[in-house]
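Asks: Structure incoming, see below.
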Amino acid sequence: MGEGKAKSMSQGGMFNDNSGKRLPLAMQYDYTHFYFGAGDDAFAMLDPYDEWWQDSEPAGYYLYGLPMQGAPTTRVDVRNTKTNEVHTDLLNFASYNYLGLSYRPEVKEAVIEAVGRYGNGASGSPILSGSMEIHHELAERMAEFKGKEAVLLFPTGYSVNVGIIAGLMRSGDLIVADQYAHASLVDGMILSKANSRFFRHNKVDDLERKLKAYKGKKLVLIEGVYSMDGDIAVVPDIVEVCQRYGARILIDEAHSTFIYGKNGRGVAEHFGCDDQIDMHVGTFSKSLGGQGGFLAGSQKLINYLLGFSRSRTFSCGLSPVVAAGILKALEIFLEEPELRTKLWENVDFMQKRLRDAGVPVGDSESQVIPLMVRDDARAFEIGEVLMQEGIYLNPVKYPAVPKHKSRFRMSISAAHTREELEEGARIITSVLQRYGICPTTEGTITSTTG
Amino acid sequence: MPDDRGHYYFNHGLSCLFEMPTSDARRIVPLHLEPLEVQHERSVLSVTVFDFCEGDGGVFQELVLSVLVPPLVKPGDPLPKAGLYPFVVATSTEMGRREGIDRWKLPHLMRDIEITFTEGDGQISVAASTGGEPILDLIGTSHRFEPAELLFHTFMSDSGGNYKSDVAVRGESYSEHEFERGSLVIHPHEMTERLTSDEIAEAPFREQWMKKGLEIFAPLEAI
């Protein structure tokens, strides 16, 4: 960044880090500053954004989307796009591969076999030519697994929520979502043009206030496991309020299907509320290690949304190759209940190790564990140090989470060995101790920024 | 060379941001501005209080209710922290009010108000009222105090047109956080009648508190 530009940017934000040292310019701004621009040119924001980005990417934003050199196993090689160095054998706590199924040999074989039969893509919308026998088989198997009349497949998890919310709700209806609802739920609300409200996270009295004030069609949106905090929805209380006010419920179990509940159906089953929820959403990209998503519900619901889910109708069908991998992963999941047992043992072990070491992990009670570093200015720096010391984790910063609630979102997998968890906990604790984020008797880094 | 900027020194400046319905925000802001949304249909109400101790308006207290709007970012210009559309301002003195109306074209409640600031352990409580009639009660809390200089774009409108002023706020002790520890109680009052108080969050999602600071208004620009 040139001197003139630096001067132009330096007058807007906070100047110093915790220790009083001057912050890098990149840390004074974030994405929210570049949402609207002055003038009539649709490209007016590109120059100010680029000025910021040239400074910000090497300062830490490069840590996002680093190219992995192979499968998302528990140890991965990742290319550092800033230095071009490949960091080898990093302990992977960043992938969603909760059951380690994405790279299982049986899954790979099923995928290869499907390529031989179907080729690569579906080559059409699922309502036209993009449905193949394997899609029907997957939908039927998933309906059996979820204990529902029918399942509708979607090409991505995002498109499930967008498609069904906008497909079902209309202008003048009311949608109330938990304030931590995923962007796909929020975008579905926007597309539907219904009146949208949010209730404070897991606060049922606030939900009741929003529902009570409204006469007409109502839909409530919650998640099973909230993906930034790893806590779970208070489903029984929410169900009770929704029933009292005649609101339908959609639960997004992207991070909880195949993990929670007696049969692995999700948090709704875990609470014994499975039949009281109207729409069950899940993804194939997390525990099953594939791609795409699904809605499980009544046959009438699926029939209706077949006609009204635009995100599905106007997308190419899920790749049959991916569908074959998912089917095999589902089969393995059903045949190997010990995978979930192992996952929960790993979760309990890691949660305990981190909590015992004083690592702040918020209210997490799941395989998603936020490491609350809180220090916005140094989240990237800590991410770099973790990578250098052998850990692959992605920082999560404002505006994805509130200011001063920066974190690393850690994902535990059944595939992690006890030794890997031990090693990961040791390195993470050691790095966070150095930054004063968890207690230590040794020296703390008070300033390395600037 | 005369300085045509406005200078206002303060003991405390507290600004808390609350989610509010976008439907209310749209009714409040003029057509040439767009309310910012933190979520779909959730805009931002800024409740700001100042305890001015010296400067162009003399000694007075001020309460400002604003809706957050996008700043006007231009290549080469300093990047502002936020854009604000103050839709009602109230002051404790006639002199403070005249300064805000005549010089900065800000819409005012045409009566003196009383504001009390009570600083406690890591928090500041503010109560605003007119002649014993409560307007609002605001509590802000602190995180880490550190020096800061902040730039805001403030927008005003009157029958003559639309304006912007670059407002710089600086001080040695500034705290900002999003721990949602503060609170707001809005009372039925002429000043708050454009707000659907049931729909405004009770806890601020951001709390900004500066002690011993200076607010500088740049001359109005027609936009």
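Asks: List the number of the failed condition for A:Gly325; all other conditions in (1) within 28 Å of A:Asp187 (Cβ to Cβ); (2) in contact with a Leu (Cβ under 9 Å, 6 or more places away or on another chain); (3) not in a helix (DSSP H, G or I); (4) not aromatic (Phe, Trp, Tyr) hold.
Replies: (3)
Asks: Collect the residues in the stretch B:177-194 that are in a loop (DSSP other than H, G, I, E, B) and charged (D, E, K, R), keeping them in residue-number order. It would help to see each step written out before you state the result.
Replies: Filtering the stretch B:177-194 down to residues in a loop (DSSP other than H, G, I, E, B) leaves B:178-182, B:187-189, B:193-194.
B:Glu178, B:Glu180, B:Arg181, B:Glu193, B:Arg194 - these are the residues of the stretch B:177-194 that are in a loop (DSSP other than H, G, I, E, B) and charged (D, E, K, R).
Asks: Okay, moving on. The conditions are (1) under 28 Å from A:Glu331 (Cα atoms); (2) free of Cβ contacts under 8 Å to residues at least 12 places away in the same chain, and A:Val160 fails exactly one of them. Which is it?
Replies: Every listed condition holds for A:Val160 apart from (2).
Asks: Among the strands (runs of 3 or more DSSP E) contained in the stretch B:44-126, which hold 3 or more residues that are within 14 Å of chain A (Cβ to nearest Cβ), in contact (Cβ under 8 Å) with a residue 60 or more places away in the chain and closer than 23 Å to B:Ile200 by Cα?
Replies: On the way: elements: B:60-69, B:82-91, B:114-119.
Strands (runs of 3 or more DSSP E) meeting the threshold: B:82-91.
Asks: Let me confirm something: among A:Ile277, A:Ile332, A:Ile302, which residue is buried (at least 16 other Cβ atoms within 10 Å of the Cβ), farther than 16 Å from A:Glu140 by Cβ and in contact with a strand residue (DSSP E or B) (Cβ under 6 Å, 6 or more places away or on another chain)? Give the steps one after another, and end with the answer.
Replies: Values: A:Ile332 fails: in contact with a strand residue (DSSP E or B) (Cβ under 6 Å, 6 or more places away or on another chain); A:Ile302 fails: farther than 16 Å from A:Glu140 by Cβ.
That would be A:Ile277, the only listed residue that is buried (at least 16 other Cβ atoms within 10 Å of the Cβ), farther than 16 Å from A:Glu140 by Cβ and in contact with a strand residue (DSSP E or B) (Cβ under 6 Å, 6 or more places away or on another chain).
Asks: Check B:Ser173 against each of (1) assigned to a strand (DSSP E or B); (2) buried (at least 17 other Cβ atoms within 10 Å of the Cβ); (3) in contact with a Phe, Trp or Tyr (Cβ under 9 Å, 6 or more places away or on another chain) and name the one condition it does not meet.
Replies: With respect to (1) assigned to a strand (DSSP E or B); (2) buried (at least 17 other Cβ atoms within 10 Å of the Cβ); (3) in contact with a Phe, Trp or Tyr (Cβ under 9 Å, 6 or more places away or on another chain), B:Ser173 is out only on (2).
Per-residue answers, yes or no, for (1) touching a Cys at 6+ places or on another chain (Cβ under 7 Å); (2) part of a helix (DSSP H, G or I); (3) of a type in the set (A, V, I, L, M, F, W, C):
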position	(1), (2), (3)
A:Asp47	no, yes, no
A:Asp50	no, yes, no
A:Asp55	no, yes, no
A:Pro72	no, no, no
A:Thr88	no, no, no
A:Val107	no, yes, yes
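Asks: OK, next. When A:Glu223 is evaluated against the numbered criteria (1) of a type in the set (Asp, Glu); (2) buried (at least 20 other Cβ atoms within 10 Å of the Cβ); (3) farther than 28 Å from A:Gly317 by Cα, which criterion, by number, is the only one it fails?
Replies: (3)
Asks: Search the stretch B:195-218 for residues being assigned to a loop (DSSP other than H, G, I, E, B) and touching a Gly at 6+ places or on another chain (Cβ under 9 Å), and hand back the single one that is nearest to the other protein chains (Cβ to nearest Cβ). Quick ask: steps written out before the conclusion?
Replies: Here is the first cut: in the stretch B:195-218, the residues assigned to a loop (DSSP other than H, G, I, E, B) are B:195-196, B:200-205, B:218.
Within this subset, residues satisfying the condition of being touching a Gly at 6+ places or on another chain (Cβ under 9 Å) are B:203-204, B:218.
Values: B:Ala203: 8, B:Pro204: 11, B:Ala218: 12 Å.
Step by step, filter the stretch B:195-218, then rank; the result is B:Ala203.
Listed here are the residues, each with its yes/no results for (1) out of contact with any helix residue (DSSP H, G or I) (no Cβ under 8 Å at 6 or more places or on another chain); (2) at pLDDT below 95.
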position	(1), (2)
A:Glu133	yes, no
A:Glu140	yes, no
A:Phe154	no, no
A:Tyr158	no, no
A:Val162	no, no
A:Val176	no, no
A:Gln179	yes, yes
A:Gly188	no, no
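Asks: Which ones in the stretch A:366-382 are within 22 Å of the chain's Cα centre (by Cα) and farther than 22 Å from A:Glu419 by Cα? Lay out the reasoning, then the answer.
Replies: Taking the stretch A:366-382 and keeping what is within 22 Å of the chain's Cα centre (by Cα), we get A:366-376, A:379-380, A:382.
Within the stretch A:366-382, A:Met372, A:Val373, A:Arg374, A:Asp375, A:Asp376, A:Ala379, A:Phe380, A:Ile382 qualify.
Asks: Collect the residues in the stretch B:17-38 that are in a strand (DSSP E or B) and either crowded, with 17+ Cβ neighbours inside 10 Å or touching a residue at least 60 places away in the same chain (Cβ under 8 Å) (or both), keeping them in residue-number order. Quick ask: steps written out before the conclusion?
Replies: Step one: filter the stretch B:17-38 for residues in a strand (DSSP E or B), giving B:17-21, B:37-38.
Passing the criteria: B:Leu17, B:Phe18, B:Glu19, B:Met20, B:Pro21, B:Val38.
Asks: Going through the stretch A:396-450 one residue at a time, which ones are of a type in the set (S, T, N, Q), at pLDDT below 95 and buried (at least 22 other Cβ atoms within 10 Å of the Cβ)?
Replies: Matches in the stretch A:396-450: A:Ser406 only.
Asks: Which of the numbered conditions does A:Asp376 fail, given that it passes all the others? Conditions: (1) out of contact with any Pro (no Cβ under 9 Å at 6 or more places or on another chain); (2) surrounded by fewer than 21 Cβ atoms within 10 Å (Cβ to Cβ); (3) within 14 Å of chain B (Cβ to nearest Cβ).
Replies: (2)
Asks: Looking at (1) within 12 Å of another protein chain (Cβ to nearest Cβ); (2) closer than 13 Å to B:Leu138 by Cα, which one does B:Gly171 not meet, given that it meets all the others?
Replies: (2)
One line per residue, one yes/no per condition, for (1) crowded, with 21+ Cβ neighbours inside 10 Å; (2) within 26 Å of A:Asp376 (Cα to Cα); (3) touching a residue at least 60 places away in the same chain (Cβ under 8 Å):
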| position | (1), (2), (3) |
| --- | --- |
| B:Arg144 | no, yes, no |
| B:His153 | yes, yes, yes |
| B:Lys164 | no, no, yes |
| B:His177 | yes, yes, no |
| B:Val185 | no, no, no |
| B:Phe205 | no, yes, yes |
| B:Gly213 | yes, yes, yes |
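Asks: Within the stretch B:127-153, count every residue that is in a strand (DSSP E or B), within 14 Å of chain A (Cβ to nearest Cβ) and under 18 Å from the mean Cα position of the chain (by Cα). First the steps, then the outcome.
Replies: Our first condition is that a residue be in a strand (DSSP E or B); within the stretch B:127-153, this holds for B:127-130, B:133-141, B:146-153.
Now drop any that are not within 14 Å of chain A (Cβ to nearest Cβ), which leaves B:141, B:146-153.
Next cut, under 18 Å from the mean Cα position of the chain (by Cα) only: B:141, B:148-153.
Adding up the residues that qualify gives 7.
Asks: Is at least one residue of the stretch A:238-248 part of a strand (DSSP E or B) and in contact with a Leu (Cβ under 8 Å, 6 or more places away or on another chain)? Steps first, please.
Replies: Residues of the stretch A:238-248 part of a strand (DSSP E or B): A:248.
Among the residues that remain, those that are also in contact with a Leu (Cβ under 8 Å, 6 or more places away or on another chain) are: A:248.
Among the residues of the stretch A:238-248, at least one is part of a strand (DSSP E or B) and in contact with a Leu (Cβ under 8 Å, 6 or more places away or on another chain), which makes the answer yes.
Asks: Please go through the stretch A:305-325 and pick out each residue that is of a type outside the set (Val, Ile, Thr) and either surrounded by fewer than 20 Cβ atoms within 10 Å (Cβ to Cβ) or in contact with a Lys or Arg (Cβ under 9 Å, 6 or more places away or on another chain) (or both).
Replies: Of all residues in the stretch A:305-325, those of a type outside the set (Val, Ile, Thr) come to A:305-312, A:314-320, A:323-325.
Once the filter is applied, which keeps residues that are of a type outside the set (Val, Ile, Thr) and either surrounded by fewer than 20 Cβ atoms within 10 Å (Cβ to Cβ) or in contact with a Lys or Arg (Cβ under 9 Å, 6 or more places away or on another chain) (or both), the stretch A:305-325 yields A:Leu305, A:Leu306, A:Gly307, A:Phe308, A:Arg310, A:Phe314, A:Ser315, A:Cys316, A:Pro320, A:Ala324, A:Gly325.
The values are calculated or read from the model by the stated rules, or taken from the named source; none is laboratory data. In this text the structure is predicted, and so the values were computed from the model without any measurement. Cβ coordinates were reconstructed from backbone atoms using ideal geometry, including for glycine residues, and neighbour counts include every protein chain displayed.
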